[in-house]
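Visitor: I'd like to ask some things about the structure below.
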Amino acid sequence: MSIRDLGVIPDTGKDVTKAFDAALQECRKNGTRVLHLENGVYDFWPEDAVKKEIFVSNTSSEVECPSKIKVIGLLLEDQHNLTIEGNGAELRFHGRQTMMGIIHSSGIRLRNLHIDCERPGASEMLVERIDSDGIVLRFNQSSWYEITEEGRLELVGEGWKTEYPHCVEYDKSSGHMDYSTNWDIVHESRAEEIDKGLVKVFTGLTSSFKEGNILTVRDRIRDQVGILNLESEDLEFEDMGIHSLHAIGMVSQFCRNLSFRNVRFEPREGSGRILASSADFLHFSGCAGKINVQGCRFSGAQDDCINVHGTYLVLEEMVSEKQVRLRFAHHQTYGMQAFWPGDTISIVDRKSLRTVCGNVVDSVCRLSDREVLLTARQQIPREIVGGRYVIENLSWTPEVDISDNYFTGTNTRGTLITTPRKSVIRNNVYEKVGMSAIFISGDAGNWYESGAVKNLTITDNRFIDCAYNDGAKNAVILIEPSNTAEDAPVHDTIRIISNHFESEGRKPVVSHSVRALITDF
């Protein structure tokens, strides 16, 4: 089925949101298996997008963003066994919105597509010149700005402006990215436009600036999501270019079986941009089945490239011998459904991060956005008390295969992984990743990202100039669970073999609390 036959035409510059949604509904009604797009640009604005209240992991607190309404430009909901064949088309999004959502769907395959924003959420400006009385900034053409009557430089977009800026600076000479306070200096100084895209900033604080460096600035508030996959299964992304993702990138939450093959998470060639996401590229929260990431490129994120984890909920109170009141403890993760009847759970000591017993969920009752009442099938041991323990959902933990990928252009980490199931990180290149290229954590006191690794192999990878801004840890591969009681190891059976390290002055591996750490160096 051709999307033109369903009334959607590219390259008009007009909003196709309603028409595209109608085409998807027609595909669902007719049982269409393949929807063909034409090579061209399809524009999406937020005005006619679907609005849904959705709580998304690792996004925003009640204070940061009270509304959980997601404005979803392209929504596939209750859609099954559909391939969208892009034929090289570009989906271009405008304003602040969750660009794409795949919700309660299965068998969805996206191929040969480009995804980008007219005005990305992050701004970029080159330090073109340093004068005796200030600096000259050249803005990337996709980064819009205004100068106020008071002479202050403001970063603006389509119906928005950056209100809570976070700056990361790219050093062109080293290829490194690191946190920077230089935007604070810029914003507090008087600015004057010299020419279109060229701004003089008058300041005596020029010593911290470096000609040729690029300031990248995003808004800290994660109001929307770049792409959201929610409670869906068997999703495939293949031969795609994802060039800009708003707020946090692609979040997959309680999904089963996800595959990414030959997807380029990086700015479009020729755009002059260096950022493609304001935060993580791929964020997997509470997923199951198998996650495959193969032959992909990750370049230009202000946070981690891949993060795979579950969520610990704090056991606040033993209500009865089978009932417990649980609380979402991290300020940016709450409100989502974290358990279903029949799920296997583990009760974990917060200090040691060791499982003290297991159980099975009988029922779950939502008490509030922060709290749930969980009823277990078996009696819970009497020694379990509120506040000391957390609960992890073991049914929603995935196998992971991350192979043949290239990671670069981030000031934080390349790959974070905490899952007890068999996982492999192999034949990847990590180049100029600011902190640890691979980080294995698990904690029940800060991010509450579970849990214990039980079977992980890291092999045949190449690490080039990584962990350059990781402080005292200085580790290319860091294994650091947050347990404070060390009576027994947290992680088990981690193999680090046949890897090549080219990160002078930095430790290949720093590990803590691992049983059976196998290395060949």
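The values are calculated or read from the model by the stated rules, or taken from the named source; none is laboratory data. These figures come from a predicted structure and were not determined experimentally. Counting neighbours? That spans all protein chains shown, and the Cβs are built from the backbone with ideal geometry, glycine included. These accessible areas exclude ligands, DNA and RNA; they are computed on the full protein's heavy atoms, side chains included. Shrake-Rupley method; radii C 1.70, N 1.55, O 1.52, S 1.80 Å.
Visitor: What lysines does residue 161 reach when the alpha-carbon gap must be under 17 Å and sequence neighbours fewer than 8 apart in one chain are set aside?
Guide: Excluding near neighbours in sequence, the set is empty.
Visitor: Return the equivalent ellipsoid semi-axes of the range 47-140 as a descending list in whole Å, where each equals the square root of 5 times an eigenvalue of the C-alpha gyration tensor.
Guide: Numbers: eigenvalues 242, 89, 21 Å².
Sorted largest first and rounded, they come to 35, 21, 10 Å.
Visitor: Ranked from highest to lowest mean number of other Cβ atoms within 10 Å per residue, what is the order of the peptides 43-54, 269-280, 65-76?
Guide: On the way: 43-54: 17.4, 269-280: 22.0, 65-76: 19.7.
The peptides rank, most packed first, as 269-280, 65-76, 43-54.
Visitor: Another question about this same structure. Using +1 at the C-beta of Lys and Arg and -1 at the C-beta of Asp and Glu, which of 143, 122, 81 has the Cα lying farthest in the positive direction of the dipole of the range 57-171?
Guide: 81
Visitor: Show me the ranking of peptides 426-439, 138-151 by mean Cβ neighbours inside 10 Å, starting with the highest. Could the numbers behind the result be given before it?
Guide: Details: 426-439: 24.2, 138-151: 15.2.
By packing density, highest mean first, the sequence is 426-439, 138-151.
Visitor: Give the ranking of 190, 350 by solvent-accessible surface, highest area first, calculated with a 1.4 Å probe. The partial results should precede the final answer.
Guide: Details: 190 115, 350 65 Å².
Sorted descending by solvent-accessible area, the residues read 190, 350.
Visitor: Only Lys, Arg, Asp and Glu count, each charged at its Cβ (+1, +1, -1, -1), so figure out the dipole size of the range 191-324 about its Cα centre, rounded to 20 debye. Before the final figure, lay out each step's value.
Guide: Values: 14 positive and 20 negative charges, 78 e Å.
Result for the range 191-324 is approximately 380 debye, rounded to the nearest 20.
Visitor: Could you work out the percent of alpha carbon pairs in the range 408-521 separated by over 23 Å, rounded to a whole number? Don't skip to the answer; put the middle values down first.
Guide: Working: 1494 of 6441 pairs.
Percent of Cα pairs beyond 23 Å in the range 408-521: 23.
Visitor: So for the range 282-361: antiparallel DSSP bridges make up what percent, rounded to the nearest 5?
Guide: Numbers: 9 of 13 bridges.
Percent antiparallel among DSSP bridges in the range 282-361 is about 70.
Visitor: Less than 14 Å Cβ to Cβ from residue 7, Lys/Arg counted +1 and Asp/Glu -1: what total charge do the surrounding residues give? Each step should come with its number before you reach the end.
Guide: Numbers: positive: 4, 14, 18; negative: 5, 15, 21, 26, 38.
In short, -2.
Visitor: Rounding to the nearest 20 debye, state how big the charge dipole of the chain is about its Cα centre with +1 on each Lys and Arg Cβ and -1 on each Asp and Glu Cβ. Let's see the in-between values first.
Guide: Values: 57 positive and 76 negative charges, 275 e Å.
For this selection, approximately 1320 debye.
Visitor: Specify which residue in the list 272, 447, 338 is farthest towards the positive end of the charge dipole of the chain, using unit charges on the beta carbon of Lys, Arg (+1) and Asp, Glu (-1), about the Cα centre.
Guide: Looking along the dipole axis, the top candidate is 338.
Visitor: Same structure again: Compute the semi-axes of the equivalent ellipsoid of the range 313-472, taking the square root of 5 times each eigenvalue of the Cα gyration tensor, and list them largest first in whole Å. Present the calculation step by step, with values, prior to reporting the outcome.
Guide: On the way: eigenvalues 243, 52, 36 Å².
Values for the range 313-472, descending: 35, 16, 13 Å.
Visitor: What order, most packed first, do the peptides 413-419, 382-388, 393-399 have when packing is the mean number of other Cβ atoms within 10 Å of each residue?
Guide: Details: 413-419: 26.4, 382-388: 12.0, 393-399: 21.3.
Put in order of decreasing packing, that is 413-419, 393-399, 382-388.
Visitor: Let me know the charge dipole size of the range 169-217 about its Cα centre in debye, to the nearest 20, where only the beta-carbon of Lys, Arg (+1) and Asp, Glu (-1) is charged. Intermediate results must be reported in sequence, preceding the final value.
Guide: On the way: 5 positive and 9 negative charges, 21 e Å.
Rounded to the nearest 20 debye, it is 100 debye.
Visitor: Over the range 69-112, with a single point scatterer placed on each C-alpha, what log10 of the ratio I(q)/I(0) does the Debye formula yield at q = 0.17, 0.22 1/Å?
Guide: Result of the Debye calculation: -0.54, -0.83.
Visitor: Rounded to the nearest 5, what is the percent of antiparallel bridges among the DSSP beta bridges in the chain? All intermediate terms of the calculation are to be shown ahead of the outcome.
Guide: Values: 67 of 178 bridges.
Expressed as a percentage, antiparallel bridges in the chain total about 40.
Visitor: Now for a separate question. State which entries of 351/473; 172/196; 18/68; 432/473 exceed 27 angstrom in Cα-Cα distance in the structure shown.
Guide: From 351/473; 172/196; 18/68; 432/473, over 27 Å: none.
Visitor: Could I ask something else about it? Where the centre of each part is set by its Cα atoms, how far does the range 104-166 sit from the range 218-274, in angstrom?
Guide: 18 Å
Visitor: With Cβ to Cβ distances under 13 Å as the rule, what net charge do the other residues near residue 456 carry (K, R +1; D, E -1)?
Guide: Details: positive: 421, 422, 426, 454, 495, 515; negative: 399, 401, 492.
After counting each charged neighbour, the total is +3.
Visitor: Also, quick follow-up: Dipole of the chain (Lys/Arg Cβ +1, Asp/Glu Cβ -1, origin at the Cα centre): which of 173, 376, 427 lies farthest to the positive side?
Guide: 376
Visitor: Give me the three principal axis extents of the range 224-312 from the C-alpha atoms, as integers in angstrom, largest value leading.
Guide: The Cα atoms of the range 224-312 stretch 38, 26, 17 Å along the principal axes, largest first.
Visitor: How big is the shadow of the Cα convex hull of the chain, averaged over all directions, in nm²? Could you put the intermediate results ahead of the total?
Guide: Values: hull surface 98.4 nm².
One quarter of the hull surface, i.e. the mean projection, equals 24.6 nm².
Visitor: What does DSSP give for the range 1-93 in terms of the percent of beta bridges that are antiparallel, rounded to the nearest 5?
Guide: Details: 4 of 13 bridges.
Close to 30 percent.
Visitor: Out of all Cα-Cα pairs in the range 231-382, roughly what percent, to the nearest whole number, are more than 26 Å apart?
Guide: Values: 4532 of 11476 pairs.
That tail contains 39 percent of the Cα-Cα pairs.
Visitor: Count the net charge of all other residues whose Cβ sits under 14 Å from the Cβ of residue 502, scoring Lys and Arg as +1 and Asp and Glu as -1.
Guide: On the way: positive: 432, 462, 506, 507; negative: 431, 465, 504.
Within the 14 Å Cβ shell, the charges total +1.
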